[in-house]
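J.: My questions all concern the structure below.
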Amino acid sequence: MNQHSTVLKQCLPAVSYDANASNLAIELSAVGNQLDSALHYADQLAEEMVADTAMQTLTDWERVYGLPDACVTIAQSLAQRKAALLSKVQAKGGQSRAYFISLAMALGYPAASIDEFALLTCNSDCNGELNSQNDLLAWRLNLPNASGGLFVMDCDSDCNSALQSWGDEAIQCRIDLFKPAHTSVIFAYP
């Protein structure tokens, strides 16, 4: 017996109705089932109001936040879609190292780091890198433990597929959208 039909039976006046009468019991059970379903749906709806627990309304959330990003051309898994959504919802904006590291963390790279390049001068370490003036406008986003970063052609691949490729289009797209316009990003995978 369902939860609401029991409550409905208890609400009947004891003298006027027999709660166990066949027709009335069927009616109360049917109405109780509908009320149980409504309560269950209301509980689910509460979860759909928050981006990180949304399932049925994920497509609506993505539409509102402009996802997938225009430069993402491959299908994403549910986990990747949710990570992209959460990173957009939580994004506060910025152009600092910490901002881009937190963006990478939100997209599934908790150990991400950034390297910036400096000119080699007389005061530099003698094992320092030889960087040009143009290198000052580039930075490297290190993405260790890349998930699905390497793709190798196999017998089921299309004839025009690359023999081997790597990268994560979703994070590269997002970083390129928000990076300072005068800079270039090098994505370093393991």
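The values are calculated or read from the model by the stated rules, or taken from the named source; none is laboratory data. Nothing here was measured: the structure is a model prediction, and the numbers come from that model. Heads up, the Cβs are rebuilt from the backbone with ideal geometry, glycines too, and the neighbour counts pull from every protein chain shown.
J.: If you check residue 125 against the conditions, is it among the charged types (D, E, K, R) and either under 19 Å from residue 174 (Cβ atoms) or in a helix (DSSP H, G or I) (or both)?
T.: The answer is no for residue 125.
J.: Within the stretch 87-117, how many residues are part of a helix (DSSP H, G or I) and buried (at least 16 other Cβ atoms within 10 Å of the Cβ)?
T.: Counting residues in the stretch 87-117 that are part of a helix (DSSP H, G or I) and buried (at least 16 other Cβ atoms within 10 Å of the Cβ) gives 8.
J.: Based on what the data block shows, is residue 60 in a helix (DSSP H, G or I), over 20 Å from residue 6 (Cα atoms) and without any contact (Cβ under 8 Å) to a residue 12 or more places away in the chain?
T.: Judged against the criteria, residue 60 is a match.
J.: In this structure, is residue 84 at pLDDT below 85 and either over 30 Å from residue 168 (Cα atoms) or assigned to a helix (DSSP H, G or I) (or both)?
T.: So residue 84 fails the test.
J.: Out of the stretch 76-90, which residues are within 26 Å of residue 142 (Cβ to Cβ) and without any contact (Cβ under 8 Å) to a residue 24 or more places away in the chain?
T.: 77, 81, 88, 90
J.: Of all residues in the stretch 3-25 being hydrophobic (A, V, I, L, M, F, W, C) and surrounded by fewer than 11 Cβ atoms within 10 Å (Cβ to Cβ), which is nearest to the chain's Cα centre (by Cα)?
T.: So, considering only residues that are hydrophobic (A, V, I, L, M, F, W, C) and surrounded by fewer than 11 Cβ atoms within 10 Å (Cβ to Cβ), the one nearest to the chain's Cα centre (by Cα) is 11.
J.: Next up: Quick one: would you say residue 74 is in a helix (DSSP H, G or I), hydrophobic (A, V, I, L, M, F, W, C) and under 16 Å from residue 174 (Cβ atoms)?
T.: Judged against the criteria, residue 74 is not a match.
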